[in-house]
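One structure follows; several queries about it will come next.
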Amino acid sequence: MIGIADVVIGLSLGSRLFLIAVGLSLIFGVLGVLNFAHGGFYMLGAYVTLAVISNVIDNFWIAAVVGALAVGVVGAAIEFSAIRRLYDRVDSDLDQLIVTFGFVLVIHETVRFIWGSGSYSIDPPDVFNFSVSLGGSTFNAYRLVAIGLAVAVLVGLWLFITRTYFGSLVRGTSSDREMAAMLGVDVPRLYTGVFFLGSVLAGLGGALSAPLQATSPALGDQVIITAFIVVVIGGFGSISGAFVGAMLIGMMQSLGPQFISSGSIAIPFLAMVIVLLLRPEGLFGGIGE
Amino acid sequence: METGDGDTGNKHNRNGDIERSSVIQSSVGRRRFLQAVGASTAVGVAGCSGGGGDSGPITLGAAYILSGFASLYGEEAERGIEFAKSRINENGGIDGRDVEVLVRDTEASGDTAIQQIRSLVQEDNVDGLFGLDSSGVAQAVAPQISQLQMPFMITHAATPFVTSPQGEHEDSVGNEYVFRDSNSLAQDIYGAARVAEELDATEWATIGPDYAFGYETWDYFQAYCDGLGVEAEFTAEQFPALATGDYTPYISSILDADPDAVLTPLWGADLTTFIGQAESAGWFDQIDHTLFSVGMGTDLPSDGSPIPEGEYASTRYDPFVPDTETNNSFREAYYEEYGTLPTYNAEGAYRALYLYKEAIESAGGTDPSALVDEFTGMEHSGPVGDYQFSETNQATVASIWGTVTYDDEWESNVLDPVNRYEAGPDVLSEALGDSDLPAGI
């Protein structure tokens with residue numbers, strides 16, 4: 001029987017997926033880069049948050065912001081130092097894939113070197129660390145916070161892209177890079193900015209998810225494939241598509257075990273196949289959607 | 001190997017290769033000389049493969065999970081190895097020779113384990129092998145051991161199919177070279193069914209890892225309940241993938257089914273993660289009994305979420321039972337050395353070294369086939385108690401289940417009260433009743 005807790009759990013899983021998928025989608029929509037290292041950024045966000053809490057300040061929210069910004073800096077540095085050099089190459093897609101995959105391995109091994117290969121967990125912030133019982137089922141109140149923050153990011157990002165000057169530059173550049181450059185847009189700087197923003201969102205996803213799951217070096221590998229599915233379902237480059245796709249997949253992950261005892265991990269793939277067959281461009285499309 | 005014929009051969013080979021690449025165009029005479037060196041080296045390597053000779057230290061090779069979600073098991077095994085090694089070497093070694101152990105990381109992967117074990121045999125020329133933490137890995141490794149013709153003492157991996165002779169069941173991969181000194185899943189889960197007999201619980205569920213071990217645990221439990229006449233219905237099952245970071249959807253599904261009791265073979269960091277998330281979801285308030293079949297391997301040294309008191313857990317070795325001089329002195333000395341009670345993975349690895357000591361001393365050397373002969377049917381005694389290797393090379397150790405209780409003196413969870421269920425070949429075969437599952441003993 002499907003209870004309220006199953007829905008809350010599904011939406012919280014979806015919120016986590018949204019934060020990683022929206023950055024992935026944004027970077028692809030503007031830069032055209034399929035960033036395999038995005039899962040690594042998500043994992044790094046969780047680790048930096050844990051490290052700040054254990055070693056610097058025992059405040060989850062500050063640690064989460066530090067974690068997200070630190071990942072943003074790492075992402076921007078990678079774009080600036082490596083990916084930027086590939087944009088003008090012929091067949092640069094393949095080079096970008098290989099380079100970003102290389103960074104998956106670098107991030108993974110760096111994390112293993114610093115924190116080891118075991119797993120860590122932290123409690124949700126005290127004020128939200130209590131059980132909520134609704135309709136006979138129980139869930140942690142922090143899940144509601146995670147959902148609320150994902151909605152806030154969705155709204156904030158939508159306003160940022162559609163209502164700000166920087167947002168209009170992003171939309172313009174994603175439509176026609178050459179034209180934007182001719183009109184005086186500093187495209188390389190804008191690209192680094194977008195990569196920074198996408199990386200911050202991935203790091204924030206990792207940070208906010210740390211109290212809901214075990215943090216281990218495998219975290220990024222597990223989530224990146226699902227995030228790609230979300231982006232395919234939602235439509236590459238679409239913010240609202242990433243949100244709807246993430247919530248759909250989150251609900252599938254939550255409700256799947258109710259119907260099948262093993263292999264529920266395959267359900268999102270099935271959903272992706274159906275979307276690709278019926279609507280190859282995804283449910284939504286384009287920056288600002 | 002540090003010394004001995006094998007080492008000399010390897011070094012010659014390496015030097016030869018390096019020199020050959022730098023001088024290859026300069027002189028035919030030198031090239032012929034190097035070819036001769038290469039040929040003699042090949043003879044040297046071939047001559048020493050499969051054994052380390054009869055002087056210098058005895059070298060054993062071990063393969064455990066040293067990284068990833070279950071690295072804790074490998075770390076515990078390494079402690080057991082170090083402890084046994086120092087004790088043996090301080091007391092005259094094995095037939096007067098020191099023992100050395102090369103420990104490799106299987107990364108919980110069958111392919112990696114096979115590569116590491118092949119390397120231990122073919123490059124390091126070890127005299128014997130032991131280890132393995134995962135059923136899936138053991139299942140992949142066992143046929144390779146037969147090809148390598150080197151004895152392998154499994155000390156943790158529990159699948160019954162590696163001590164079930166090939167042909168007995170479609171999954172059986174047991175052969176004359178593979179032994180196990182710890183208890184198998186078939187022995188362990190027999191104890192779970194005996195616990196179930198005593199509990200006021202009829203509706204049972206499971207949550208286990210999505211590979212052979214998770215499914216085998218549930219299959220054997222149902223077969224034993226049937227064979228022992230336990231009044232049980234099996235109402236829900238969940239098999240999340242290994243290293244699932246968030247178990248809440250699976251937990252929620254089991255809670256919705258509302259069983260009286262759950263048997264879980266989750267292990268390693270997965271178990272710690274599961275327990276924390278199950279507690280948050282109110283699992284231990286709603287479900288009357290949870291049986292943790294691999295719990296005590298992780299729980300004793302755990303600084304994460306330990307198993308709540310009052311639940312049931314099994315162990316392959318208990319630091320307090322049997323109450324013998326051997327076990328008590330082992331526990332005390334180990335605690336003094338490491339500050340924690342010995343886990344079963346430490347004890348299993350510790351005992352493997354003593355098994356090799358006894359076999360090598362009795363055989364008068366390290367010839368692999370002689371060691372296999374020694375292990376076959378061997379009677380042995382260690383901290384775990386007295387046991388014998390069965391016809392299928394499985395140790396006839398007891399199935400140990402008890403109630404999880406926090407002990408202030410040892411600052412650790414222990415099993416108290418604890419039951420030892422004799423789990424020899426006849427007992428298991430009878431309890432499996434009409435099932436086609438092999439007893440693996």
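If the requirement is being more than 14 Å from every other protein chain (Cβ to nearest Cβ), at pLDDT below 90 and over 18 Å from B:Tyr421 (Cα atoms), which of these qualifies: B:Leu300, B:Leu242? Break it down stepwise before answering.
Numbers: B:Leu242 fails: more than 14 Å from every other protein chain (Cβ to nearest Cβ).
Criteria check complete, one pass: B:Leu300.
Within segment B:252-267, take every residue that is in contact with a Pro (Cβ under 9 Å, 6 or more places away or on another chain) and more than 8 Å from chain A (Cβ to nearest Cβ) and give me the one that is nearest to B:Ser67 (Cα to Cα).
Kept after step one, since they are in contact with a Pro (Cβ under 9 Å, 6 or more places away or on another chain), are these residues of segment B:252-267: B:252-254, B:265-267.
Then drop every residue that is not more than 8 Å from chain A (Cβ to nearest Cβ), which leaves B:254, B:265-267.
Numbers: B:Ile254: 30, B:Pro265: 20, B:Leu266: 17, B:Trp267: 14 Å.
Restricting to residues being in contact with a Pro (Cβ under 9 Å, 6 or more places away or on another chain) and more than 8 Å from chain A (Cβ to nearest Cβ), the top hit is B:Trp267.
Which numbered condition trips up B:Pro322, out of (1) part of a loop (DSSP other than H, G, I, E, B); (2) modelled with pLDDT under 85?
(2)
Something else about it: If you take the residues in segment B:56-67 that are crowded, with 24+ Cβ neighbours inside 10 Å and within 14 Å of chain A (Cβ to nearest Cβ), which one is farthest from B:Ser119 (Cα to Cα)? If you could, list the steps in order and put the result at the bottom.
Filtering segment B:56-67 for residues crowded, with 24+ Cβ neighbours inside 10 Å gives B:58-65.
Pick out the ones that are also within 14 Å of chain A (Cβ to nearest Cβ) and you get B:64-65.
Numbers: B:Tyr64: 14, B:Ile65: 16 Å.
Ranking the candidates gives B:Ile65 first.
For the structure I just gave you, tell me whether A:Gly102 is among the small types (Gly, Ala, Ser) and either assigned to a strand (DSSP E or B) or away from chain B (no Cβ under 14 Å) (or both).
Numbers: among the small types (Gly, Ala, Ser): yes; either assigned to a strand (DSSP E or B) or away from chain B (no Cβ under 14 Å) (or both): yes.
When the stated conditions are applied, A:Gly102 passes them.
Turning to a different aspect of this structure: Is one or more of the residues making up segment A:34-45 farther than 30 Å from A:Asp176 by Cα and out of contact with any helix residue (DSSP H, G or I) (no Cβ under 8 Å at 6 or more places or on another chain)? Can you show your working first?
If we filter segment A:34-45 for residues that are farther than 30 Å from A:Asp176 by Cα, which is where we start, we get A:43-45.
If we keep only those that are out of contact with any helix residue (DSSP H, G or I) (no Cβ under 8 Å at 6 or more places or on another chain) too, we end up with none.
No: zero hits.
Hey, B:Leu266 hits all of (1) within 21 Å of A:Ala5 (Cα to Cα); (2) assigned to a loop (DSSP other than H, G, I, E, B) but one; which does it fall short on?
Failed condition: (1).
Further, regarding this structure: Pick out the one residue from B:Arg180, B:Arg79, B:Arg104 that is basic (Lys, Arg), crowded, with 20+ Cβ neighbours inside 10 Å and farther than 18 Å from B:Thr343 by Cα.
B:Arg104
Ok, one more. I'd like to check something: does segment A:161-169 contain any residue that is out of contact with any Pro (no Cβ under 6 Å at 6 or more places or on another chain) and crowded, with 23+ Cβ neighbours inside 10 Å?
Our first condition is that a residue be out of contact with any Pro (no Cβ under 6 Å at 6 or more places or on another chain); within segment A:161-169, this holds for A:161-169.
If we keep only those that are crowded, with 23+ Cβ neighbours inside 10 Å too, we end up with none.
Checked against the condition, which is being out of contact with any Pro (no Cβ under 6 Å at 6 or more places or on another chain) and crowded, with 23+ Cβ neighbours inside 10 Å, segment A:161-169 yields no hits at all.
Scan (1) at pLDDT below 95; (2) touching a helix residue (DSSP H, G or I) at 6+ places or on another chain (Cβ under 6 Å) for the single condition B:Gly167 breaks and write down its number.
Among (1) at pLDDT below 95; (2) touching a helix residue (DSSP H, G or I) at 6+ places or on another chain (Cβ under 6 Å), the lone unmet condition for B:Gly167 is (2).
Right, next: Of all residues in segment B:192-229, count the ones that are in contact (Cβ under 8 Å) with a residue 60 or more places away in the chain and within 17 Å of B:Ser435 (Cβ to Cβ). Spell out the reasoning first.
Filtering segment B:192-229 down to residues in contact (Cβ under 8 Å) with a residue 60 or more places away in the chain leaves B:192-196, B:199-201, B:207, B:209, B:211-213, B:216-217, B:219-220, B:223-224, B:226-228.
Now drop any that are not within 17 Å of B:Ser435 (Cβ to Cβ), which leaves B:192-194, B:196, B:212, B:216-217, B:219-220, B:223-224, B:226-228.
The qualifying residues number 14.
Okay, next question. So which of A:Asp176, A:Asp221 is closer than 21 Å to A:Arg16 by Cα and among the acidic types (Asp, Glu)?
Numbers: A:Asp176 fails: closer than 21 Å to A:Arg16 by Cα.
Only one candidate passes the filter, namely A:Asp221.
Quickly run through segment B:269-287 and pick out the residues that are farther than 14 Å from A:Gly136 by Cα and either facing chain A (nearest Cβ under 7 Å) or assigned to a strand (DSSP E or B) (or both).
B:Ala269, B:Thr273, B:Gly276, B:Ser280
Could you check how many residues of segment A:115-138 are at the interface with chain B (Cβ under 7 Å from one of its Cβ atoms), surrounded by 15 or more Cβ atoms within 10 Å (Cβ to Cβ) and assigned to a strand (DSSP E or B)? Break it down into steps so the answer makes sense when it comes.
First pass over segment A:115-138, keeping only residues at the interface with chain B (Cβ under 7 Å from one of its Cβ atoms): A:117-119, A:121, A:131, A:137-138.
Adding the requirement that they be surrounded by 15 or more Cβ atoms within 10 Å (Cβ to Cβ) leaves A:117-119, A:121, A:137-138.
Those left that are additionally assigned to a strand (DSSP E or B): A:137-138.
Residues that pass the stated criteria total 2.
Could you tell me whether segment A:61-71 includes any residue that is surrounded by 14 or more Cβ atoms within 10 Å (Cβ to Cβ), more than 30 Å from B:Ala281 (Cβ to Cβ) and small (Gly, Ala, Ser)?
yes
Are any residues in segment B:371-412 of a type in the set (S, T, N, Q), part of a strand (DSSP E or B) and in contact (Cβ under 8 Å) with a residue 40 or more places away in the chain, and if so, which ones? Even if it seems obvious, please write down each step before you answer.
Going residue by residue through segment B:371-412, those that are of a type in the set (S, T, N, Q) are B:376, B:381, B:388, B:390, B:392-394, B:396, B:399, B:403, B:405, B:412.
If we keep only those that are part of a strand (DSSP E or B) as well, we get B:381, B:388, B:394, B:399, B:403, B:405, B:412.
Correct list: B:Ser381, B:Gln394, B:Ser399, B:Thr403, B:Thr405, B:Ser412.
Separate question: Can you say whether B:Thr206 is within 19 Å of B:Val427 (Cα to Cα) and among the β-branched types (Val, Ile, Thr), as far as the supplied structure shows? Before you say what the answer is, go through the steps one by one.
Numbers: within 19 Å of B:Val427 (Cα to Cα): no; among the β-branched types (Val, Ile, Thr): yes.
The answer is no for B:Thr206.
How many of the residues making up segment A:1-18 are in a helix (DSSP H, G or I), within 10 Å of chain B (Cβ to nearest Cβ) and either modelled with pLDDT under 90 or within 8 Å of A:Ser254 (Cβ to Cβ) (or both)? Before you say what the answer is, go through the steps one by one.
The initial filter retains those residues of segment A:1-18 that are in a helix (DSSP H, G or I), namely A:4-18.
In the following step, the residues that additionally are within 10 Å of chain B (Cβ to nearest Cβ) were identified as A:5-6, A:8-10, A:12-13, A:16.
Next cut, either modelled with pLDDT under 90 or within 8 Å of A:Ser254 (Cβ to Cβ) (or both) only: A:5-6, A:9-10, A:13.
Number of matching residues: 5.
Could you tell me whether B:Pro151 is surrounded by 22 or more Cβ atoms within 10 Å (Cβ to Cβ), within 22 Å of B:Asp373 (Cβ to Cβ) and more than 13 Å from the chain's Cα centre (by Cα)?
yes
Restricting attention to segment B:417-441, which residues are touching a residue at least 24 places away in the same chain (Cβ under 8 Å), outside any loop (DSSP other than H, G, I, E, B) and surrounded by fewer than 15 Cβ atoms within 10 Å (Cβ to Cβ)? Give the derivation first.
Filtering segment B:417-441 down to residues touching a residue at least 24 places away in the same chain (Cβ under 8 Å) leaves B:418-425, B:427-428, B:430-441.
Still in the list and also outside any loop (DSSP other than H, G, I, E, B): B:418-421, B:425, B:427-428, B:430-432.
Hit for segment B:417-441 is B:Glu430, nothing else.
Is it true that B:Tyr338 is in the same structural domain as B:Asp408 (by TED's automatic domain parsing) and in contact (Cβ under 8 Å) with a residue 12 or more places away in the chain? Before the answer, list the steps.
Working: in the same structural domain as B:Asp408 (by TED's automatic domain parsing): no; in contact (Cβ under 8 Å) with a residue 12 or more places away in the chain: yes.
For B:Tyr338, the condition - in the same structural domain as B:Asp408 (by TED's automatic domain parsing) and in contact (Cβ under 8 Å) with a residue 12 or more places away in the chain - is not met.
May I pose another question? Does any residue of segment A:263-284 turn out to be within 14 Å of chain B (Cβ to nearest Cβ), assigned to a loop (DSSP other than H, G, I, E, B) and farther than 27 Å from A:Ala63 by Cβ? I'd like the intermediate steps shown before the answer.
Taking segment A:263-284 and keeping what is within 14 Å of chain B (Cβ to nearest Cβ), we get A:263-269.
Next, only the ones that are assigned to a loop (DSSP other than H, G, I, E, B) stay: A:263.
Imposing the further condition that a residue be farther than 27 Å from A:Ala63 by Cβ reduces the set to A:263.
Yes, because at least one residue in segment A:263-284 is within 14 Å of chain B (Cβ to nearest Cβ), assigned to a loop (DSSP other than H, G, I, E, B) and farther than 27 Å from A:Ala63 by Cβ.
Then there's this: Would you tally the residues in segment B:214-242 being aliphatic (A, V, I, L, M) and touching a Pro at 6+ places or on another chain (Cβ under 9 Å)? Before you say what the answer is, go through the steps one by one.
Taking segment B:214-242 as the starting set, the residues that turn out to be aliphatic (A, V, I, L, M) are B:223, B:228, B:230, B:232, B:236, B:241-242.
Still in the running and touching a Pro at 6+ places or on another chain (Cβ under 9 Å): B:236, B:241-242.
Of the residues in segment B:214-242, 3 are aliphatic (A, V, I, L, M) and touching a Pro at 6+ places or on another chain (Cβ under 9 Å).
Per-residue answers, yes or no, for (1) more than 30 Å from A:Thr138 (Cα to Cα); (2) within 14 Å of chain A (Cβ to nearest Cβ):
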site: B:Gln166; (1), (2): yes, no
site: B:Phe179; (1), (2): yes, no
site: B:Ser184; (1), (2): yes, no
site: B:Ile189; (1), (2): yes, no
site: B:Leu199; (1), (2): no, no
site: B:Tyr215; (1), (2): no, yes
site: B:Trp218; (1), (2): no, yes
site: B:Val230; (1), (2): yes, no
site: B:Asp246; (1), (2): no, yes
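Go through segment B:160-181 and give me each residue that's more than 24 Å from B:Val101 (Cβ to Cβ) and either in contact (Cβ under 8 Å) with a residue 24 or more places away in the chain or assigned by TED's automatic domain parsing to the domain that holds B:Gly214 (or both).
Going residue by residue through segment B:160-181, those that are more than 24 Å from B:Val101 (Cβ to Cβ) are B:160-161, B:164-174.
Hits for segment B:160-181 are B:Pro160, B:Phe161, B:Ser164, B:Pro165, B:Glu168, B:His169, B:Asp171, B:Ser172, B:Val173, B:Gly174.
Something else now. Looking at (1) in a helix (DSSP H, G or I); (2) surrounded by fewer than 24 Cβ atoms within 10 Å (Cβ to Cβ); (3) of a type outside the set (Val, Ile, Thr), can you tell me which one B:Ala241 breaks?
B:Ala241 satisfies all of (1) in a helix (DSSP H, G or I); (2) surrounded by fewer than 24 Cβ atoms within 10 Å (Cβ to Cβ); (3) of a type outside the set (Val, Ile, Thr) except (1).
When A:Gly172 is evaluated against the numbered criteria (1) more than 19 Å from the chain's Cα centre (by Cα); (2) within 14 Å of another protein chain (Cβ to nearest Cβ), which criterion, by number, is the only one it fails?
Going through (1) more than 19 Å from the chain's Cα centre (by Cα); (2) within 14 Å of another protein chain (Cβ to nearest Cβ) one by one, A:Gly172 breaks only (2).
The values are calculated or read from the model by the stated rules, or taken from the named source; none is laboratory data. Computed from a predicted model, the values in this text were never measured in an experiment. Neighbour counts are summed over all protein chains in view; Cβ atoms, including those assigned to glycine, are modelled from backbone coordinates with ideal geometry.
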